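Asker: One structure follows; several queries about it will come next.
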Protein chains: 4
Amino acid sequence: MTHDIAILGASGYTGAELVRLIATHPGMRIKALGANSKAGQSMAEVFPHLRHLDLPDLVTIDEIDFSAIDLCFCALPHATSQEVIASLPKDLKIVDLSADFRLRDPAVYEKWYGNKHAALDCQSEAVYGLTEFYRDEIRSARLVAGTGCNAATGQYALRPLIAGGLIDLDDIIIDLKTGVSGAGRSLKENLLHAELSEGTHAYGVGGTHRHLAEFDQEFSAIAGRPVQVQFTPHLLPANRGILATVYVKGGAAEIHGALSRAYAEEPFLQVLPFGQTPSTRHIRGSNFCHLGVSGDRVPGRAIVIAALDNLTKGSSGQALQNANLMLGENETTGLMLAPVFP
Amino acid sequence: MTHDIAILGASGYTGAELVRLIATHPGMRIKALGANSKAGQSMAEVFPHLRHLDLPDLVTIDEIDFSAIDLCFCALPHATSQEVIASLPKDLKIVDLSADFRLRDPAVYEKWYGNKHAALDCQSEAVYGLTEFYRDEIRSARLVAGTGCNAATGQYALRPLIAGGLIDLDDIIIDLKTGVSGAGRSLKENLLHAELSEGTHAYGVGGTHRHLAEFDQEFSAIAGRPVQVQFTPHLLPANRGILATVYVKGGAAEIHGALSRAYAEEPFLQVLPFGQTPSTRHIRGSNFCHLGVSGDRVPGRAIVIAALDNLTKGSSGQALQNANLMLGENETTGLMLAPVFP
Amino acid sequence: MTHDIAILGASGYTGAELVRLIATHPGMRIKALGANSKAGQSMAEVFPHLRHLDLPDLVTIDEIDFSAIDLCFCALPHATSQEVIASLPKDLKIVDLSADFRLRDPAVYEKWYGNKHAALDCQSEAVYGLTEFYRDEIRSARLVAGTGCNAATGQYALRPLIAGGLIDLDDIIIDLKTGVSGAGRSLKENLLHAELSEGTHAYGVGGTHRHLAEFDQEFSAIAGRPVQVQFTPHLLPANRGILATVYVKGGAAEIHGALSRAYAEEPFLQVLPFGQTPSTRHIRGSNFCHLGVSGDRVPGRAIVIAALDNLTKGSSGQALQNANLMLGENETTGLMLAPVFP
Amino acid sequence: MTHDIAILGASGYTGAELVRLIATHPGMRIKALGANSKAGQSMAEVFPHLRHLDLPDLVTIDEIDFSAIDLCFCALPHATSQEVIASLPKDLKIVDLSADFRLRDPAVYEKWYGNKHAALDCQSEAVYGLTEFYRDEIRSARLVAGTGCNAATGQYALRPLIAGGLIDLDDIIIDLKTGVSGAGRSLKENLLHAELSEGTHAYGVGGTHRHLAEFDQEFSAIAGRPVQVQFTPHLLPANRGILATVYVKGGAAEIHGALSRAYAEEPFLQVLPFGQTPSTRHIRGSNFCHLGVSGDRVPGRAIVIAALDNLTKGSSGQALQNANLMLGENETTGLMLAPVFP
């Protein structure tokens, strides 16, 4: 059986990545591509790398007949997404890639995003999209909220450690390096090649990055008490890839054991042998996440490093994995593409 | 039916690319990975991006039982390849990715490569592997010689123009830009990141690059008279991708028409609308080749630009396409992966 | 004696490059930095790499007292520049870095730039700023028009050959590769890191790039007859550097001899030994231009390759070199910085 | 007065960087360039970016007449350096850029570097080369030991905080990102462009990187008790630049105040306004170090970020700064080059 798919926000990077992945998915057919600002253009004009595919032209969201759609990916900007989703048919399966439905508490949403939530009904039914930890809820969900790409990376490194009581909850530092595509295709001076290549810098320093809200929500729920990590993202002169270097206090061997056991059956989460370190180059363009654990010369300290592709496992790959579950497909269909190296 | 495959030279980039592509090929199973210098290691050690795959460990070529192999890819260095292939079973189907069997005339081989050919028997039965132009011969071949990556790019731009008598044969210039992975994984000072990034330079200037031997052989055969193009490759600070900018004397509209007609039914050769120019970014990691044609303000001049990924359409993707034909598989199986952008 | 300098357009890359160079110039003092859109900001805010310098804040052009200025660099966008310069004191020495005063014939200007020239008086007194060929005129000029960066590169390769009658004037091809900073700091989708890195493409193909107007003007004047070159620029994933690969018909040894003689006394133009090829990496951040000449296996053909830094020798370095002449300083003062490699 | 200079190890990146800097130094003249493996070659052959300079050819170290040399820079590999320096005239002023004389305790040296020290006499007189903190000793030293480039970066961020008793000495984490030129020009697979570009990974994880020995020595001396930091370096796809993100427990405002006061008179150490973050792009090719301090939402935590160019302030620039002191020159001569951006 083939499922009919719509993608809203098809002119952005996560939209294009969805098309790339679905192109080799045997059970999905792209019926509509929505992109208000570029409606009327062909996908080949907007993304020439997809020109070999037989795709519908871009249309405005209003033009889409959602009654013919089995599942809709919504890759719109934050805040826009909630308004659009509130207006869609109430029985339409939706995977949202924005930040709009990630936070369960509307007050927390408002605090971090600065506006009142405009679709509280939808928010209350949304399931957090970190597949490996919400698999059953996702399978039966109507609306799944994709996680932040940084938030996914940090959680893969930390959730089993917090759940297992293996680390000091008051001393967790996530130093993260991210490629530039996570910032999207928007025109900002700091995203120009001449500004960004050949160097690095930190941004959102000191507890101001919005993905902290997800860390707080999830880690506190697991721990049963408030947990506040430190988190510093850095922009990397590379297009894809996130590397999170996580500093914790706990036994390195126990930590490696806990991660290995937690992910033993997970098709996409690969725990490296103890002491090995992952590289973003080795997951590029794929849905895999590599995790490494090392001890430190300072006793009782460990370093956990997680690497994934922000556009794949961090957003569009995760979204497809969740859609597979929601549609009764095999979870890994369309997602077993090997990383592109070099 | 599943075909059992061996890859010799599995520790190099083209070997790894073969594994990446075959990983999603439903009709092939990798039975043996040969790499004398790294025998005993696992593929995950040599190429961590392939660690999710269930692959045999690397072995020496001597250790491989070729009687259990349906087709063997040979991704060994030039000169080594001919010696190894001469020693393999005479009924084993082989796709060679080296330069050893590309040139039909042994004297020409010796002139360009500096050594006497050591496997003239094999050479005489080898079929030149430019799929779209040797499809029937490849289908029934035992030994197919993969083309040079630069040679493939230039030929896609020029063969139909020469065949159609559309251009001046004495004034063809191929100015080519290539990513660094074409030079392989060997340790050379000029391939270091610090030497190569952030700039460009020409190499093999003035008619000395070995891929000229292929241009000469093929273009002269098509034209029925000697043809000698000018060819200047440049090294690009990028890992993958070749862009060939080809300057010809002829009518631009006729040229665009000829290419469009010649490739109308080709699944991987995409001719852009007249006046559009391809980019290596839009074929990255894929088996597609994009071709663009523009006129010039100087009447009677045209510019043809071809872009492909040297590791895919330029070598390992081409090899798999040929293997599909040799094994009776659908030609495109395993090769419809969309390019990775950004 | 110290000269007081103003820079208009100080918030762009060529403006910043002027500040970088003048920072180590013993005979110049920056008195005013004009940048209408960022007036009120400090240079450290706009260009943090210049924060160690004691510089005036950015102001609007109207706020500058030009009576206290000895020489004004004008690094404003095309078309804006002519309006501003027309309004400046008529005895103020000016080095303009825009395209506005490069073309002597107003009709040619209008043809290529699409608007009527708004400052014909100034245009008629402007001297073309290719230092090595207009040195005497520049020395006594009031207004010098900086050349296009691509135009400079191609001219260094070709002028002595045309002047010496050494090449076929009807078969000149300039295949050029340029770093991204030449496009400036403007917000365009194709200049984003995610769009531009890791690949290359041609633009302005087929005789449409505006720097052709300079080639036409200069080469025709030297030859005493119309000369129209073919010119294809390509965008390179690097911030700085232009490499022009020039294909000509003529004797390679004679060409190498002619360039060597022409530039024997030039401090910034370095002709490499015959057969060597320059790299943009080896002139990065400097005012040097490296030139190489090779023969081809096709008799009577030669390849001339020129490399320079578009922001230095291609614009701001050239501008400072000209300013030195106009102010009676040593021509090389402030410009002998060695290239930054790696 | 002009000082005559020798550089040993002139065929490496730090050797070339010394030549680049000395090229604009009015008080130094390069008399000898030693490089055993490339003796007989010209500097233009080994480093074409320096071809405009009038430099002596490379010679073996034995060929150099050190009686004519006022100061010798020694940019040789670790372990080699101590043997060479032991054989040089005992009154020759030397700035060593290797690790051989950084550690005062021979047992500590042996522990981290794995071999017995071969020049204990020299070691005992060596002064640690972190200019701003050892200025007086350097001024009168005969042998100065340049610091590790990572070690310099971390110390600029931390020394005033430890000295001021402002931070918890048991919870210091240095997460560092470094460009690739710090690894030198040696042929290693992981330094190839195809392996290193477009991604990042950690190395020397868990307390194994040798620069920790310098941190231990210096921080413990300042604190008057053992201090062991955590330190994780990451390789960045950029040629130059180090960014150290340092996590400490202490008052952010006090920390910013302490750094600002400590470096108020330092020409090369620039403390940014509170809350601003430095970028490696803004110190590229220069001797400047930018430092930023931010608070965290977790009370009592602060983040200090330091950026410098590993080849300049991290090695060759530091070496020249020290040589200036040793020769009675102005400390900043030859070092005020502004960073190259973009």
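The values are calculated or read from the model by the stated rules, or taken from the named source; none is laboratory data. The structure displayed is predicted, hence computed values, not measured ones. All Cβ positions, glycine included, derive from the backbone under ideal geometry; neighbour counts span all protein chains shown. What goes into the accessible areas is simple: the full protein's heavy atoms, side chains included, and nothing from ligands, DNA or RNA. Shrake-Rupley method; radii C 1.70, N 1.55, O 1.52, S 1.80 Å.
Asker: Quick test for you: out of C:D54, C:D62, pick the one residue that is within 21 Å of C:L97 (Cα to Cα), over 25 Å from the mean Cα position of the chain (by Cα) and of a type outside the set (A, V, I, L, M, F, W, C).
Answerer: None of the other options fit; the residue is C:D62.
Asker: A further question follows. Would you list the strands (runs of 3 or more DSSP E) that sit entirely within segment D:14-112 and hold 1 or more residues that are in contact (Cβ under 8 Å) with a residue 24 or more places away in the chain, within 14 Å of chain C (Cβ to nearest Cβ) and crowded, with 24+ Cβ neighbours inside 10 Å?
Answerer: It comes to D:28-34.
Asker: All but one of (1) of a type in the set (D, E); (2) closer than 30 Å to C:T178 by Cα; (3) surrounded by fewer than 19 Cβ atoms within 10 Å (Cβ to Cβ) hold for B:D309; state the number of the condition that does not hold.
Answerer: (3)
Asker: Filter segment A:191-202 down to residues that are out of contact with any strand residue (DSSP E or B) (no Cβ under 6 Å at 6 or more places or on another chain) and either of a type in the set (D, E) or in contact (Cβ under 8 Å) with a residue 12 or more places away in the chain (or both) and give me whichever is farthest from D:F231 (Cα to Cα).
Answerer: A:E195
Asker: Conditions first: (1) within 26 Å of B:R301 (Cβ to Cβ); (2) surrounded by fewer than 23 Cβ atoms within 10 Å (Cβ to Cβ). C:H234 passes all but one, so which condition is the exception?
Answerer: (2)
Asker: Being more than 16 Å from the chain's Cα centre (by Cα) and small (G, A, S) is the filter here, so list the residues in segment B:10-42 that pass it.
Answerer: B:A10, B:S11, B:A23, B:G27, B:A32, B:G34, B:A35, B:S37, B:A39, B:G40, B:S42
Asker: Further, regarding this structure: Quick one: is B:T280 touching a residue at least 12 places away in the same chain (Cβ under 8 Å) and in contact with a Lys or Arg (Cβ under 8 Å, 6 or more places away or on another chain)?
Answerer: yes
Asker: Residues in segment D:179-228 that are closer than 19 Å to C:E198 by Cβ and open to solvent by less than 20 Å² (accessible area, probe 1.4 Å): how many?
Answerer: Within segment D:179-228, residues that are closer than 19 Å to C:E198 by Cβ and open to solvent by less than 20 Å² (accessible area, probe 1.4 Å) number 11.
Asker: What's the total number of residues in segment B:240-263 that are buried (at least 24 other Cβ atoms within 10 Å of the Cβ) and either closer than 13 Å to B:R159 by Cβ or hydroxyl-bearing (S, T, Y) (or both)?
Answerer: Number of matching residues: 6.
Asker: Where residues in segment B:113-125 are hydrophobic (A, V, I, L, M, F, W, C) and open to solvent by less than 20 Å² (accessible area, probe 1.4 Å), which of them is farthest from the chain's Cα centre (by Cα)?
Answerer: Residue satisfying both the conditions and the ranking: B:A119.
Asker: Tell me, which helices (runs of 4 or more DSSP H) wholly within segment D:192-303 include 1 or more residues that are touching a helix residue (DSSP H, G or I) at 6+ places or on another chain (Cβ under 9 Å) and facing chain A (nearest Cβ under 10 Å)?
Answerer: Of the helices (runs of 4 or more DSSP H) lying wholly inside segment D:192-303, those with at least 1 residues that are touching a helix residue (DSSP H, G or I) at 6+ places or on another chain (Cβ under 9 Å) and facing chain A (nearest Cβ under 10 Å) span D:193-196, D:211-223.
Asker: Taking segment A:65-89, which residues are within 22 Å of A:M326 (Cβ to Cβ), over 20 Å from the mean Cα position of the chain (by Cα) and not β-branched (V, I, T)?
Answerer: Result: A:D65, A:F66, A:S67, A:A68, A:D70, A:A86, A:S87, A:L88, A:P89.
Asker: Which of the following residues is within 24 Å of A:Y113 (Cα to Cα) and assigned by TED's automatic domain parsing to the domain that holds A:C122: A:V84, A:V19?
Answerer: Of A:V84, A:V19, the one residue that is within 24 Å of A:Y113 (Cα to Cα) and assigned by TED's automatic domain parsing to the domain that holds A:C122 is A:V84.
Asker: Hey, any hits in segment C:46-55 for a residue that's modelled with pLDDT of 95 or more and under 21 Å from C:A126 (Cβ atoms)?
Answerer: no
Asker: Kindly establish whether C:I173 is open to solvent by less than 30 Å² (accessible area, probe 1.4 Å), in contact (Cβ under 8 Å) with a residue 24 or more places away in the chain, over 26 Å from C:F47 (Cβ atoms) and away from every other protein chain (no Cβ under 14 Å).
Answerer: It is false that C:I173 is open to solvent by less than 30 Å² (accessible area, probe 1.4 Å), in contact (Cβ under 8 Å) with a residue 24 or more places away in the chain, over 26 Å from C:F47 (Cβ atoms) and away from every other protein chain (no Cβ under 14 Å).
Asker: Filter segment C:285-342 for residues that are among the hydroxyl-bearing types (S, T, Y) and under 20 Å from C:G12 (Cα atoms) and give the result.
Answerer: Once the filter is applied, which keeps residues that are among the hydroxyl-bearing types (S, T, Y) and under 20 Å from C:G12 (Cα atoms), segment C:285-342 yields C:S286, C:T312, C:S315, C:S316.
Asker: Moving to a separate point now. Given the structure, is D:A99 farther than 21 Å from D:M336 by Cα, touching a Pro at 6+ places or on another chain (Cβ under 8 Å) and not assigned by TED's automatic domain parsing to the domain that holds D:V180?
Answerer: no
Asker: Within the bounds of segment C:144-155, is there any residue that is of a type in the set (G, A, S) and out of contact with any Ser or Thr (no Cβ under 9 Å at 6 or more places or on another chain)?
Answerer: yes
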